[in-house]
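The values are calculated or read from the model by the stated rules, or taken from the named source; none is laboratory data. No experiment lies behind these values; they were computed from the predicted model shown. In this analysis, Cβ positions are derived from the backbone assuming ideal geometry, glycine residues included, and neighbour counts consider all displayed protein chains. All accessible areas refer to the heavy atoms of the entire protein, side chains included, with ligands and DNA or RNA removed. Shrake-Rupley method; radii C 1.70, N 1.55, O 1.52, S 1.80 Å.
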Amino acid sequence: MAGHALVASRRGADYEAEVSLEGGYKTLRVRGRADGYDPVNNLLEEVKTFRGDLHNIADNRRDLHWAQAKIYGWLLCMDRGLQDINISLVYFDVASMQETPLTELFTAAALKEYFEMLCEGFLVWATQEMAHRLARDEALLALKFPHPTFRLGQRELAEAVYKTASAGKCLMAQATTGIGKTIATVFPLLKAAPKQQLDKIFFLAAKTPGRRLALDAFERIADSRAGLPLRILELVARDKACEHPDKACHGDACPLAKGFYDRLPAARSAAVARANGLALDKAALRGIALTHQVCPYYLSQDLVAWSDVVIGDYNYYFDSSALLHGMMIGNQWRVAALVDEAHNMVERTRKMYSARLDQAQLHAVHASAPRAVRPTLDRLNRSFNDLHKMQMVAWQVHKELPVEFLKALQQAISTITDFLTANPTRVDADLQAFYFEALHFARMAETFAAHSMFDITLGDDSHSGAGGDAETAWALPDCAVLNIRNIVPAPFLAPRFAAARSVALFSATLSPQDFYRDTLGLPDTTAWIDVQSPFSHEQLRVSAVSNISTRYQHRDNSLTRIADLMARQYHATPGNYLAFLSSYDYLQKLKTVFVQRHPDIMVWEQTRQMDEAGREEFLQRFTPSSEGIGFAVLGGAFAEGVDLPGRRLIGAFIATLGLPQVNAVNEEIRKRMGDWFEADSSGGETAGTGSTPSRGYNYTYLYPGIQKVVQAAGRVIRTQLDEGVIYLMDDRFTQPEVQALLPLWWKVGRLHAPAPTPAAAPAPTPAAAPAPGPRP
């Protein structure tokens, strides 16, 4: 924008800037704004800013620039009755401030012919899309619920989604796991789409299983009505969709990029033809892309414009550079969104608007960096070293960001940008990773305010000295890590909620509603519904143990009492159980004690950095006929999104309140939470001290902890036929302020764990879970 303004300021007094133009062809209306027109020289200008070498601009990009300029040329000729016109592409280098004009003379007749040719090509798609939209809306108006009846709670949830979508409001819906939330939110939004003139529905999920559930729900609806004209698209991360991860995304490097736009129309047509009634999931899209030899990832992005439903991760709409949000704004789409498992939104969006820059990573990049960027990396490293002089402690919060460091960072970004632009086929994963981190840090620095905090950590650098010398101080013993930590994502998210026609957030754990409304920035008009659970307390016996403390200082003393209570429940009702602990260290200690005291009971455990195969093996041990106890970490892979109905899981032992660790970072977050939400932020509040915890404490520690507990407990009862038990093994679960956060349908009893008994005689070979059979 600044470049365009500077070019316009260099022109004469008769120069017309930002010329609005409009014209039509058959049923198509075309409008836009030309950058400038010089009536004295009959010269229309279209300005394009760039940096680096002008010759590196690809031919297809220049063709696009000329196409835009020629369209404006015809619209101007038509508007002013011109017989011909000079059209100039003005390339403006934002680094050197130099202009390079490319000028040609066109007759009005030639421009008209070009304009009409493009309009005819576009009208083929436009006519097709208008017909599809009409057929889609007619079908959705007549759509029936895909099951014979609603489950208990489903109709209530569906009505809330429909009414808020019709009113253009946001909705927070808390609904127990197992009632069929996905189908109960998808169906009413489809029904509302025609009357609300929705262009698209976005289904946003936290994890892959959530996307799979959404695909299943939409496909079930499509199956219930033969020939339903509904295009459903799944977006997948680039690293999971890329066919050539060892190559650059460039026509001279990747065979699926070379000629991409030549083969795209046929691939798009094939995808749209298949999409009516059949979802374009990852596998289907890959098949079409490879048939037409185009990139699956970029084909999926192109197909967003031609889809009715788009299913993807949160970041496609809520991230700072979100694809779906950008396309929605750019195309002025009318969109409604569904946000699955919305209790994850606070932590996920905090990460989206946080940034980290590690000097150790800079050292590693410098070791193999190309010569062209080494000097700027040297300067950035010196700026890192200067930060050591302003901080004498290992960790410190700073009120302001270091200005000189940010200048050096911007210079480094500019230099690396020029290098990557000049070498588009070069694959340098380390340099590219650092470049993206630097870009994100710079963007977050521009938006830094009270919603975030900035801190510096000084620590050992295993990469020190690599590829450097004393003059550039690459061998410094300590390295700095800079963190911009977002605490309250509300200022970033509020505009996203406002931009959509409606947004419905749903989860089994959205209590207390004020916590999520405040931290996420939901509008004051947001509706709330706590859907009646289809489950009864007769199905689930919940016991809060009053004489066990899992506080850090009491954990070692709690082990034998917890182990014996678990064994007593197991012997009373043999079957499969999950035990949730606050950390891997605590898990290992408890498992060791448990095996020593109760070697007859089979056990298996979640391990650190468990891969997908390991997670699969862990879950395969839970069969209808197996018996034993799986040890897992609260908040980990097995604490939510796991479905083990019937005899596969009959109970859970939760030996933690789930509170985040009390440390310097979290304490600073607690204070800032209190300041942001105008609550008392004085230090030292903890649950159970007898004082009323502040909002800062609750928002930082208590609410996130209990949310994890309820999610983990939700693994036990999955259907109305399930029965099970839950042991809440900490005395704080008996406190009224904690129990008020638990599901309303639970009936929590108080239990006094018996004193530990003498340990059982050790068995010759402690029982262990059998190796799982071959995976299907």
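Projecting the Cα positions of V393, L338, G312 onto the charge dipole of segment 244-397 (unit charges on Cβ atoms of Lys, Arg, Asp and Glu, taken about the Cα centre) puts V393 furthest along the positive direction.
Bridge orientation summary for the chain: considering DSSP beta bridges with both residues in this region, about 40 percent are antiparallel. Compared with the dominant principal axis of the Cα atoms in the chain, helix 555-572 is inclined by about 80°. Accessible surface of M78, taken over heavy atoms with a 1.4 Å probe and every protein chain present, rounds to 80 Å².
Counting only heavy atoms of the protein chains and using a 1.4 Å probe, E22 has close to 100 Å² of accessible surface. Extension gain, E243-E616: 0.36 nm per intervening residue step, less the Cα-Cα distance, totals 131.8 nm. Residues V90, V427, sorted by accessible area with the largest first, give V427, V90 [1.4 Å probe; ligands and nucleic acids excluded].
Extending 7 Å from the Cα toward the beta-carbon at both D137 and R750 defines two label points whose distance is 6.2 nm. Once the C-beta distance of L64 and N663 is scaled by a Förster radius of 60 Å, the resulting FRET efficiency is 0.70 to the nearest 0.05. With R₀ fixed at 51 Å, the C-beta to C-beta distance from D556 to Q411 puts the FRET efficiency at about 0.45. Using only side-chain charges placed at the Cβ, +1 for Lys and Arg and -1 for Asp and Glu, the dipole size of the chain relative to its Cα centre rounds to 2160 debye. Separation of segment 149-222 from segment 66-115 is 48 Å, based on Cα centroids. Counting only protein heavy atoms and using a 1.4 Å probe, the accessible area of R382 comes to about 110 Å².
With both labels modelled 7 Å from their Cα along Cα-to-Cβ, the L439 to V403 distance reads 2.8 nm.
Normalising by residue count, the chain has a Cα convex hull of 197 Å³ per residue.
Each of H55, H537, H598 has its accessible area taken with a 1.4 Å probe; listed largest first, they run H55, H537, H598. With the simple model of a label 7 Å out from the Cα in the direction of the Cβ, T27 to E723 spans 6.3 nm. Only DSSP H runs of four or more residues enter the estimate; each adds -39500 (n - 2.57), and after division by the residues of the chain the mean residue ellipticity at 222 nm equals -13000 deg cm²/dmol. For chymotrypsin sites (Phe, Trp or Tyr not before Pro), no site in segment 283-391 is both called loop by DSSP and has at most 13 other Cβ atoms within 10 Å. How fast does segment 141-215 diffuse by Stokes-Einstein, in µm²/s, taking the Kirkwood radius from C-alpha pairs at 10 °C and 1.306 mPa s? D = 121 µm²/s. Got a sec? Charge dipole of the chain, +1 on Cβ for Lys and Arg, -1 for Asp and Glu; which of G696, F436, S511 is way out at the positive end? The one lying farthest along the dipole's positive direction is S511.
Heavy-atom accessible surface of the chain, averaged per residue, reaches 45 Å², computed with a 1.4 Å probe.
Taking K407, K591 and ordering them by how much accessible surface each has at a 1.4 Å probe, largest first, produces K407, K591.
The rule of thumb for compact globular proteins, 2.2 N^0.38 Å, goes into the C-alpha radius of gyration of segment 122-177 1.61 times.
As a calculated quantity, the FRET efficiency between T49 and Y261 at R0 = 35 Å, using C-beta atoms, amounts to about 0.95.
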